[in-house]
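Trainee: Sharing a structure, written as structure tokens. Questions coming.
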Amino acid sequence: MREVDDVSADAGAVLARAFEQRDRWTISSAQPLVGIFGNGMPETLVAAAGAVPVHLSMGFTHDEHPVASVIEPFVDDEVRTFLVRLMNGEFADYRGIIFSRDDAPALIAYQYATEWIRQGKPRGDTPPLFLWNLVHTDSAPVRAFNAVQAEKLFAFFVSIGLAQPDPAALQRAAADEVRRQAALGDLTAAVGVTVSGASAMQWRNAGRFMQAAEHARLLTSALTQGTGPVSAGRRIALVGSPLACPRTYAVLETFGSIVCDLQPLGSVWPGPGNTSSDLETILSASAADASCPRISPTAAHRAGIVKSILDARCDLVVCQLAQTDDTFGWEVPWLFAELSGHGIACVNLGFRDPEPPAAWLDRAASTIAQALEARS
């Protein structure tokens, strides 16, 4: 068990521990749990239904299950881990699991899971599964379609014993998210000053495994202390595949501070729709989220990345890709060309393992150093 109610507790250490123990972190709430796989799900809606949203795609496992034998080699590592945990019954206590269609690994995880269950293959207890499918553009037909998706989601909540969100519940959930977003804004401002990019990544992602109000409280407390001296030097932007490896951050921050973290486990979460208590606004803000690769027109995704990097006054952009990446890699040539036009150094470290080994980290440092030397 964890203790987070002791005001003398080191909030930064609690957040770091929640991140490190994310597959076994104990929620300090009597509320039911709903699993989330992928970015793009407005978690305010889950909280308003009376549950705690908990992300399930960042865990670990050393266990085996027959489902692993049918997973194709191009499937992301987090999908493989999740499916083994799911079929071993690790999420039996969850009321349900919601997969975000916006997230490529989440869609694959949903397809594998539903087919395995449909065929009656061996498994432990698994909760009901739901695919959240929002269209990311703006037109009357799209707004109507997205409203239907919300109706389906609310029906799913009721079917698993939760409440259908009403205006009062949405108001309370949104208020918690407003406090969290304010604390995350303070965290972003502190990066490169009193907080390292590595700590910021851990502190932010710790919120994926706790209530928004608790996350906001811990962040506010942790920011009063910071993490001590941070790296001077360049202002770094990190882009590419989901990365949750503090060792990789530490290597990158020998060249400066990661002040703009745009990989999917960075500052793109929680999404913009979470702070509203109005369902129509939640849906429209989520649909307009430029961090979603499925947004239309597709150029809006790249434009959003460029704007964030320029707003953060970055002078170095580092890209890294998972071995199975089939989404962000397509953006790299055009993204780097546009950023180079602004005089920003761009380094693509290429493909890496989920936990990059020391040899890869050494090559990464050498690649960055050589690129910067060539520009000097």
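The values are calculated or read from the model by the stated rules, or taken from the named source; none is laboratory data. Just so you know, these numbers come straight off a predicted model, no measurement behind them. We place every Cβ from the backbone using ideal geometry, glycine too, and count neighbours over all the protein chains shown. Remember, those area values only see protein heavy atoms, side chains included, never the ligands or the DNA or RNA. Shrake-Rupley method; radii C 1.70, N 1.55, O 1.52, S 1.80 Å.
Trainee: Only one residue in Pro122, Pro127, Pro165 is touching a Phe, Trp or Tyr at 6+ places or on another chain (Cβ under 7 Å), at pLDDT 95 or above and within 30 Å of Ser69 (Cα to Cα), so which one is that?
Mentor: Pro127
Trainee: Here is a follow-up. Hey, can you tell me all the residues within region 341-373 that are more than 15 Å from Ile236 (Cβ to Cβ), in contact with a strand residue (DSSP E or B) (Cβ under 6 Å, 6 or more places away or on another chain) and either open to solvent by less than 60 Å² (accessible area, probe 1.4 Å) or assigned to a helix (DSSP H, G or I) (or both)?
Mentor: Arg352, Trp360
Trainee: Considering each of Val259, Val347, Val318, Val268 in turn, give the residue that is under 20 Å from the mean Cα position of the chain (by Cα) and closer than 22 Å to Arg363 by Cβ.
Mentor: Values: Val259 fails: closer than 22 Å to Arg363 by Cβ; Val347 fails: under 20 Å from the mean Cα position of the chain (by Cα); Val268 fails: closer than 22 Å to Arg363 by Cβ.
After ruling out the rest, the residue left standing is Val318.
Trainee: Please work out which residue is farthest from Val34 (Cα to Cα), limiting yourself to region 143-181 and to residues that are open to solvent by 20 Å² or more (accessible area, probe 1.4 Å), aliphatic (A, V, I, L, M) and assigned to a helix (DSSP H, G or I).
Mentor: Taking the candidates together, the pick is Ala144.
Trainee: Moving to a separate point now. Do you know which of the residues in region 182-200 that are in a helix (DSSP H, G or I) and in contact with a strand residue (DSSP E or B) (Cβ under 6 Å, 6 or more places away or on another chain) is nearest to Leu219 (Cα to Cα)?
Mentor: So the residue we want is Ala200.
Trainee: Also, I was wondering about something else. For residues in region 125-142 being free of Cβ contacts under 8 Å to residues at least 40 places away in the same chain and out of contact with any helix residue (DSSP H, G or I) (no Cβ under 8 Å at 6 or more places or on another chain), which is most open to solvent (accessible area, probe 1.4 Å)?
Mentor: Among those residues, the one meeting the criterion is Asp125.
Trainee: Residues Thr220, Thr194: which one is open to solvent by 40 Å² or more (accessible area, probe 1.4 Å), of a type in the set (Ser, Thr, Tyr) and modelled with pLDDT under 95?
Mentor: Thr194
Trainee: Let me ask you something else. Out of the residues in region 223-237 that are of a type outside the set (Val, Ile, Thr) and in contact with a strand residue (DSSP E or B) (Cβ under 8 Å, 6 or more places away or on another chain), state the one that is surrounded by the most Cβ atoms within 10 Å (Cβ to Cβ).
Mentor: From region 223-237, those of a type outside the set (Val, Ile, Thr) are 223, 225-226, 228-229, 231-235, 237; that's our starting set.
From the residues that got through so far, the ones that are in contact with a strand residue (DSSP E or B) (Cβ under 8 Å, 6 or more places away or on another chain) too are 223, 226, 231-235, 237.
Details: Leu223: 19, Gly226: 15, Ser231: 18, Ala232: 8, Gly233: 15, Arg234: 20, Arg235: 18, Ala237: 28.
The selected residue is Ala237.
Trainee: Something else now. What are the pairs with Cβ atoms under 6 angstrom where one residue, in region 262-283, is touching a residue at least 60 places away in the same chain (Cβ under 8 Å) and the other, located anywhere, is assigned to a helix (DSSP H, G or I) and open to solvent by 40 Å² or more (accessible area, probe 1.4 Å)? Sequence gap at least six, or different chains.
Mentor: Thr275/Val178; Thr275/Gln181; Ser277/Gln171
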